Amino acid sequence: MFNPDCRDCPRLATFLDEIKTDKPDYFAAPVPAFGDDQPKLLIIGLAPGMHGANRTGRPFTGDYAGLLLYQTLFDLGLSSAPTSEHGDDGLSLHGVRITNAVKCLPPQNKPETSEIKNCNPYLKAEIDALNTPCNLMALGKIAHDAILRAYGLKLSTFKFAHAAEHLLPDGRTLFDSYHCSRYNTQTRRLTAEMFQDVLKQASQ
Ligand code: URA
């Protein structure tokens, strides 16, 4: 149900058109999920980063936000290599899939609420396609809220907190983590150890 040609959000579609004109070698389109198609863990980020997923076409690939994520996946034996730099580097994930709450790059990395809502059916379809058992891991509050929305739950049902675990109505568990952004890691709001601890729990 992922639509590589989606133009449901006029602001985002226009923004991507402009980028494609300025930087013809950039992916500049909705970024599909990446990884195992029968995962035991679905990791949900916020949205593609300008010079990362929006350039390479793979979530968290080619920019700072992916460094800790892919290194930690590798350290836990969940991938074939510690870095993800290009869409054609042959990287494979073992039992893990990565997607975003919003599939298109938003200006200033800030999707509007209407854009998060427009994109939510795509996230819901990705969740519906999962086999059980499969856990979910939200990177940041926007992803956490998008998951609740995809389940049709009130956003007040579960409070976002780093390392919180929430039992979803279908028996899956949602794990929360602070987003592995440059800001969060450089300020040590999120350390490598904190991140590894949550990812380890979520992938068990
Ligand atoms: N890149 C992504 O794909 N998602 C994020 O949330 C951040 C960077």
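The values are calculated or read from the model by the stated rules, or taken from the named source; none is laboratory data. Everything numeric here is computed off the predicted structure, so don't read it as measured data. All Cβ positions, glycine included, derive from the backbone under ideal geometry; neighbour counts span all protein chains shown. The protein model used for the area step is the full one, side chains on, heavy atoms only, and it has no ligands, DNA or RNA in it. Shrake-Rupley method; radii C 1.70, N 1.55, O 1.52, S 1.80 Å.
Brief remarks on what is shown
- The set of residues from the range 10-42 being in a loop (DSSP other than H, G, I, E, B) and either of a type in the set (Phe, Trp, Tyr) or open to solvent by 20 Å² or more (accessible area, probe 1.4 Å) (or both) comprises Lys23, Pro24, Asp25, Tyr26, Phe27, Ala29, Pro32, Ala33, Asp36, Asp37, Gln38, Lys40.
- Here the range 48-90 is the region considered, the condition is being part of a loop (DSSP other than H, G, I, E, B) and touching a strand residue (DSSP E or B) at 6+ places or on another chain (Cβ under 7 Å), and the residue that is nearest to Asn109 (Cα to Cα) is Pro48.
- Cross-chain or 6+ apart pairs with Cβ under 6 Å, the range 10-23 first and modelled with pLDDT of 95 or more, then among the aliphatic types (A, V, I, L, M) and surrounded by 14 or more Cβ atoms within 10 Å (Cβ to Cβ): Leu16/Ala28; Ile19/Ala28; Lys20/Ala28
- Of the residues making up the range 34-55, not a single one is β-branched (Val, Ile, Thr), touching a Phe, Trp or Tyr at 6+ places or on another chain (Cβ under 6 Å) and over 18 Å from Pro4 (Cβ atoms).
- 2 or more residues open to solvent by 50 Å² or more (accessible area, probe 1.4 Å) and closer than 24 Å to Tyr70 by Cα: qualifying helices (runs of 4 or more DSSP H) within the range 92-192: 141-150, 182-186
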